[in-house]
1. Among the residues of the stretch 249-271, is any surrounded by 16 or more Cβ atoms within 10 Å (Cβ to Cβ), at pLDDT below 95 and closer than 15 Å to residue 119 by Cβ?
2. I'd like to verify a number: residues in the stretch 120-134 that are open to solvent by less than 60 Å² (accessible area, probe 1.4 Å) and of a type in the set (Lys, Arg), how many?
3. Those residues that are out of contact with any strand residue (DSSP E or B) (no Cβ under 8 Å at 6 or more places or on another chain) and surrounded by 14 or more Cβ atoms within 10 Å (Cβ to Cβ), I need them from the stretch 16-32; list them, please.
4. Please list, ordered by first then second residue, the pairs with beta carbon atoms under 7 Å, 6 or more apart or interchain, first in the stretch 131-153 and within 25 Å of residue 261 (Cα to Cα), second acidic (Asp, Glu) and part of a strand (DSSP E or B).
5. Can you tell me which condition residue 209 does not meet? The list is (1) in contact with a helix residue (DSSP H, G or I) (Cβ under 6 Å, 6 or more places away or on another chain); (2) buried (at least 19 other Cβ atoms within 10 Å of the Cβ), and all the others hold.
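The values are calculated or read from the model by the stated rules, or taken from the named source; none is laboratory data. Everything numeric in this text was worked out from a predicted model, so none of it was measured. A quick note on method: Cβ atoms are made from the backbone with ideal geometry, for glycine too, and the neighbour counts reach across all protein chains shown. Areas reflect the complete protein model, heavy atoms only, side chains present, ligands, DNA and RNA absent. Shrake-Rupley method; radii C 1.70, N 1.55, O 1.52, S 1.80 Å.
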Amino acid sequence: MVKKGQKWYAVRKGRKPGIYTSWAECKSQTERFGCAIFKSFKTKEEAQQFINPNKTSNAAIGTNHDQMSTLPSYSRDDPVKKRAVQPELENGESHTASTRKKQKVEHEHNSSKALLIKMHFDGGSRGNPGLSGAGAFVQFFQGGNSVEIVKIRHFLGRHTNNYAEYKGLICGLREICSIIDNKARDYSNISITVKGDSNLIINQMKGLYQCKHKDLKPLYSECNEMMNSIEKQCRQMAQQLDVSFEHVYRQDNKEADALANEAMDTRKTWTERSEDGENKLNESSTPVATPGSTLAAHCKSVDTLYTVEDV
């Protein structure tokens, strides 16, 4: 017997795709699974359709063929019967053209309600350990159009390369936290793609590698806390969230690499924002979150800025 208010959780892509009756089961199949695809539904039928869209589509096609077999046959040169099968609307459009136009409007509407966030991070150390810096390149898309670009440069002082890489990831995630905290309610679907050239960090964030180094554990924990907070907030607002961590090679991570090198060259930390063609410079790489907000606690102040004399 189905309980009142029962939800069905459909996992199209995860550790074990299927339909689950509790969020805990769904989370165990999707948490820290790269490119996981899942969604909750009010009925089991809707969940099955989400998992097997092709099966539903094929069934519909089969039904159409059955229906078409009962229609009278006609030739391409018979305009009267052709109009009987594809009647025109009052404005002269065919049903097919009208349907396509409607689908296009619906697609544009859905796209306007989707927020796509792409982030590249990097870090470097000249000496390992040595003079180090981190960089994050964050780009926000709405309706397929780029609406904002954030470039973060963070000078760290003397640290290892892995430490700097994690700092780059943290800078980018803080910026994403700020956007989610302030603007997430305006969207129904949120997709986050995080890319970096550190195979170690990407696999640790995907849950494939353990983080055992004492200096990296606090940074790893901070990243996971931010990701868990993002997931929790989106779940509370009934938003669909897709998150993926992807390893890329250095040549595909040039923006973040350049930002990390600029931080080391200048020995300074600053953020550059580009919105509607306007550049805005901030002295700190810390994004501003709404006071008392869910994610504000994770947007901690950046490390003390270093100067030439400090290193």
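1. Among the residues of the stretch 249-271, not one is surrounded by 16 or more Cβ atoms within 10 Å (Cβ to Cβ), at pLDDT below 95 and closer than 15 Å to residue 119 by Cβ, which makes the answer no.
2. Residues flagged as open to solvent by less than 60 Å² (accessible area, probe 1.4 Å) and of a type in the set (Lys, Arg) within the stretch 120-134 amount to 0.
3. 27, 28, 31, 32
4. Filtered contacts from the stretch 131-153: 135/122; 140/148; 148/275; 151/272.
5. Failing condition for residue 209: (2).
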